[in-house]
Amino acid sequence: MKRCIKRFIAGFSAIIMSVTTNSMVSALDNNSNMENHVEQFIVASKDTNSGEITYKNFDTKLTTNARNNKVNELSTPAYQGSISQEEEISPNNVIGNDDRYRITHTTDFPYRTICRIVTYWDKDNDGVIDNTMGIGTGFLEGPNAVVTAGHVIYDKNLNMWCEYAIITPAQDGAGSAPYGNTRSTIIHTSTAWIESGSADQDWGLIETQSDIGNQVGWLGKFWTSGSLDGTSVHVTGYPGDKPQTMWRGNGSITKSESARLFYNCDTMGAESGAPVLNSSNQALAIHANGGSYNSGTRITEWLFNFLEQFN
Amino acid sequence: MIKKIAVILLYFALSISIIGCQNKNNNINYSSNAVIIESTTCSVYTNNDDAESNSLTRKISSSEIKKIKSNTYYSEIIKQLGETQDFGNSCFRQYIVDDKNLFVLSFSDIQDICPYSGEELLSTIKPFKYQYDNFPKSESDDLLSAYGIIVDFDKYTDTKFISIPDEFYNGMYLDLQNAVISFENGNSASIDDLNNMQDIIIYYDYIQETFPSVVHCLEVIIIN
């Protein structure tokens, strides 16, 4: 009963917020040129210390200005952090026909920015953290911001947020934590993911207690309004079949949609949230799904600007 | 009038939300050392490093099951048979017996006593109808298929979990929200017709690649 009430309230609050936002969007539509129309997004956030959930319209001034100036490409470089760069890694652990290879020098850049994420849940709402963990991947996007897939932190089937997440950058084996681990403070995703499970909005962002990004650095990101077909990329994460070790799959973009990218890099369960990286260590997408073609949530103009706040 | 009702409802919802959050905060024990799993009801592990390191489903022989004595703790049985892959979300362990059968040890609490003897437990094993890649495939390039045995379900969401006899003897949760379910003879079926230890073929378009993974099913066929 308590759970039903909570769900009703959460749903009702989201509906009220959506109705309010839709009204605002309508007002904007009436007052602005359609060419410069910028879609409104609501970001849902959970404080993983207090449990408080809030909804906020994302400020789209940046996007509006970019449209006005006819910007069709956005880019930020990677930041290598305060650690001195070590030698480059060469692929040396190819296994059979599996195109993935293990990254053993996880403390080298950019690999040290890629984090293993363990999420904890209270599925039965009994007030005690379950003996349950979800595993995913994420990547540092700022001093204390880790990007991941929305479904890593919000389970659409359960309609439930995780209680909290523990993030470990550069893990290389059981118990390995070269830079320690840090805990989530606030987690974010889109209400579009929460309400409809839209794969186009399957992104998440975890704010962390420590500013570990200042030490290990963070990845750049890149958005273009054009196609990315044929771009060489790699997906590097912590696949569930190779527990607690980092693996990289190389490939290229096979299909570009406005909010999703498809690619032929090998991936496995637990790599959700891994960066889809170009050769400049810029994230083009967030890995989310496997299937006939693996796919990820594209870093769109809007998402780029949203993430930029944490950079 | 409508505006007033909306305002009252919003105030009501927000008030209850705040109360709910406060109540939850009082109950949940947020550990500062969060890698320690706080409830060990279903696990013999004390931290997730140990749990996840058992990444493969263990292969055993039927004679090993036969040796189990009745009234043994489930935790002891698992030690006796050997640690196997822990999918994390449910109170069960699975083993591959004699390379062709699935044995699922289910329990509500790992510290409970199992009343069954080895012979009785052995009678519950189920042969895989298909193994590895030897199962009916989708004719569509965009649709993937897999064979599996339902081994458990999430009691909170009714989500089914299947064991897949692939190279790793993996397991996945089924997302059935958009799935059409039917029997092998073509008769329509529903989620209620899906039961533990049934063989099923699933057709799906994508997998959410968390661990355990969640497979987005478009069609499920119950084959026995």
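Lys and Arg at +1, Asp and Glu at -1: add these up for the other residues within a Cβ distance under 14 Å of B:Leu143 and post the number. Please report the intermediate quantities before stating the final value.
Working: positive: B:Lys137; negative: B:Glu139, B:Asp141, B:Asp142, B:Asp205, B:Glu219.
It works out to a net charge of -4.
What is the average number of partner chain Cβ atoms found within 10 Å of a Cβ in A:171-184? Intermediate values should be presented prior to the final figure.
Numbers: counts 1, 0, 2, 6, 5, 1, 2, 0, 0, 0, 3, 0, 6, 1.
The per-residue average across the peptide is 2.
Within the shell defined by Cβ-Cβ distances under 11 Å, the residues around A:Thr297 carry a net charge of -1, with Lys and Arg each +1 and Asp and Glu each -1.
Would you mind classifying segment A:182-238 by shape? Square roots of the alpha carbon gyration tensor eigenvalues, ordered a ≥ b ≥ c; an a/c under 1.5 is rounded, otherwise it is prolate if a/b is larger than b/c and oblate if not. The shape class here is oblate.
Between A:Lys56 and A:Asp211, the contour length at 0.36 nm per residue exceeds the alpha carbon distance by 53.4 nm. Computed over neighbours whose Cβ is under 14 Å from that of A:Lys221, the net charge equals -3, Lys and Arg +1, Asp and Glu -1.
Counted by neighbouring Cβ atoms within 10 Å, the residues A:Cys115, A:Cys265 run from fewest to most as A:Cys265, A:Cys115.
Mind scanning B:Lys59/B:Lys126; A:Lys56/A:Lys221; A:Lys123/B:Lys79; A:Lys61/A:Lys255; B:Lys66/B:Lys126; A:Lys123/B:Lys160 and naming the pairs with a C-alpha gap bigger than 19 Å? As for pairs spanning more than 19 Å Cα to Cα, those are A:Lys56/A:Lys221; A:Lys123/B:Lys79; A:Lys61/A:Lys255. Near A:Thr185, the amide H atoms lying under 5 Å from its own belong to A:Glu207, A:Thr208, A:Gln209; only residues 5 or more places off or on other chains count, and H is placed 1.01 Å from N.
The charge dipole of segment A:114-233, taken about its Cα centre with unit charges on the Cβ of Lys, Arg, Asp and Glu (plus for the first two, minus for the last two), comes to roughly 300 debye.
Quick note: the coordinates plus some simple rules give every number you see, no bench work behind them. Keep in mind it's a predicted model, so treat the numbers as computed, not measured. Backbone-built Cβ (ideal geometry, glycine too); neighbour counts: all protein chains shown.
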